[in-house]
Amino acid sequence: MKPKLNGKTAVVALGGNAISPKGQEDSIANQFRRTRESLREIMKLIKVGYRMAITHGNGPQVGNALLRVELARGKAPILPLGICVADTEGGMGYMIEQSLQNGLKSAAIDREVVTIVTQVVVDPGDPLFDKYTKFVGQFYSEEEIKNLAKKNGWKVKEDSGRGWRRVVPSPKPLHIVNANAIKKLVDDGTVVIAAGGGGVPVYIENGNIFEGVDAVIDKDLASAVLAKEIGAEELIILTDIDQVALNYGKPEQKWLDCVTADQAHEYLHQEHFPYGSMGPKVKAAINFIEWGGKKVIITSIEKVEEAIQGRAGTTIVRSLQ
Ligand code: ADP
Ligand code: MG
């Protein structure tokens, strides 16, 4: 069946728990099972006719990739962070792509799905390169990591009382390489999986040469850039919580149904949304609306169908009617 396309284009950003189920052993079988479950919910958007690009996080997967590099030291070549991100874009893209292809086939919906290993352009002069803000890889004891840091030239930090980890910069994404090709595919009805893990950060050298850099890009911020560059109307950020809250986890906590980008901006400055979790989602929402996007939804996979009808989740818009 050739499906109807309802005219709306969305970028759907899948959070960690769409692929790695919490509280279960981290195995590929479990990741596949969870991905299939998650994609069943995404199918509901496809059934109502959305054109779509899908992005996804890769925190646990890139952590595992870095662990393998450590364990194979002296036996197999060292992989720089950019290659690890590209590998996870491919491997996770394959999982998501196949899960969706099989779901679409079972539902007799004739839409193609492709994965694009995505580079994302950053500014080499971005001051964020001096700030080592993103934790990557596994936890170590202080003694262990200080040795590794010396040997590998890592920067390391203590992660909220849980142990020591490597930290890397997280520059601002400026442009999605191949955005134009992604747009053509999406406009044509193909579901494109892109900018996995935020994409591989690259900068442009001597005016026209791409060069990779050891950093990671926030997947929510990259999703907003992708949404802008393919002319999407909606950015749908799916995470493990149904709504965004003010005073999250405090007695005066208040769930947000619909807010303007200006209100969200104010709340962000009042520090309602931490840097390592809800902060980049709200920032991505504000950016996308400022760049001309119509609507951002932040919700859980389970609530996405209700959320697109305005019955669940947190919606961020330019102005309230
Ligand atoms: P993802 O893998 O989807 O990017 P994150 O863990 O980075 O997920 O972000 C989602 C988490 O943000 C939620 O599980 C929640 O615990 C946390 N969070 C922090 N502040 C807020 C807030 N103000 N409202 C809702 N959730 C919040
Ligand atoms: Mg996150």
Seminar exercise, completed: Sole miss for Glu290 among (1) surrounded by fewer than 22 Cβ atoms within 10 Å (Cβ to Cβ); (2) within 16 Å of ligand 2 (Cβ to nearest atom); (3) of a type in the set (Asp, Glu) is condition (2)
Problem set entry | Residue check for Leu71: more than 21 Å from Glu41 (Cβ to Cβ) and in contact with an Asp or Glu (Cβ under 6 Å, 6 or more places away or on another chain) | no
Exercise. When Ile217 is evaluated against the numbered criteria (1) in a loop (DSSP other than H, G, I, E, B); (2) β-branched (Val, Ile, Thr); (3) in contact with a Leu (Cβ under 8 Å, 6 or more places away or on another chain), which criterion, by number, is the only one it fails?
Worked result: (3)
For this session: Can you give me the number of residues within the stretch 1-31 that are crowded, with 16+ Cβ neighbours inside 10 Å, among the hydrophobic types (A, V, I, L, M, F, W, C) and more than 16 Å from ligand 2 (Cβ to nearest atom)?
Result: 2
For this session: Give me the pairs, please: first residue somewhere in the stretch 60-89 and surrounded by 14 or more Cβ atoms within 10 Å (Cβ to Cβ), second residue anywhere and of a type in the set (Lys, Arg), beta-carbon distance under 8 Å, and either six or more positions apart or on two chains.
Result: Leu66/Arg166
Problem set entry | Cβ pairs under 9 Å, 6+ apart, first in the stretch 14-28 and modelled with pLDDT of 90 or more, second exposed (fewer than 12 other Cβ atoms within 10 Å of the Cβ) | Gly16/Lys22
Exercise. Going through the stretch 232-243 one residue at a time, which ones are within 13 Å of ligand 2 (Cβ to nearest atom) and outside any strand (DSSP E or B)?
Worked result: Asp240, Ile241
Problem set entry | Residues (within 16 Å of ligand 2 (Cβ to nearest atom) and under 24 Å from Val11 (Cα atoms)) located in the stretch 246-278 | Leu268, Phe273, Pro274, Tyr275, Gly276, Ser277, Met278
Problem set entry | The lone exception for Gln321 - which of (1) farther than 17 Å from Val12 by Cβ; (2) within 16 Å of ligand 2 (Cβ to nearest atom) it fails | (2)
For this session: Can you confirm whether the stretch 199-213 contains a residue that is within 13 Å of ligand 1 (Cβ to nearest atom) and not in a helix (DSSP H, G or I)?
Result: no
Exercise. Quick one: how many residues across the stretch 32-50 are in contact with a Lys or Arg (Cβ under 7 Å, 6 or more places away or on another chain) and surrounded by 15 or more Cβ atoms within 10 Å (Cβ to Cβ)?
Worked result: 2
Problem set entry | Count of residues meeting criterion [buried (at least 20 other Cβ atoms within 10 Å of the Cβ), more than 17 Å from Gly313 (Cα to Cα), of a type outside the set (S, T, N, Q) and more than 8 Å from ligand 1 (Cβ to nearest atom)] in the stretch 216-266 | 12
Exercise. Between a first residue in the stretch 272-294 that is in contact (Cβ under 8 Å) with a residue 40 or more places away in the chain and a second residue that is in a loop (DSSP other than H, G, I, E, B) and β-branched (Val, Ile, Thr), which pairs have beta carbons less than 8 Å apart while being 6 or more apart in sequence or on different chains?
Worked result: Lys281/Val244
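The values are calculated or read from the model by the stated rules, or taken from the named source; none is laboratory data. Values in this document were obtained by computation on a predicted structure and should not be read as measured data. Glycine also receives a Cβ, built like all others from the backbone with ideal geometry; neighbour counts cover every protein chain displayed.
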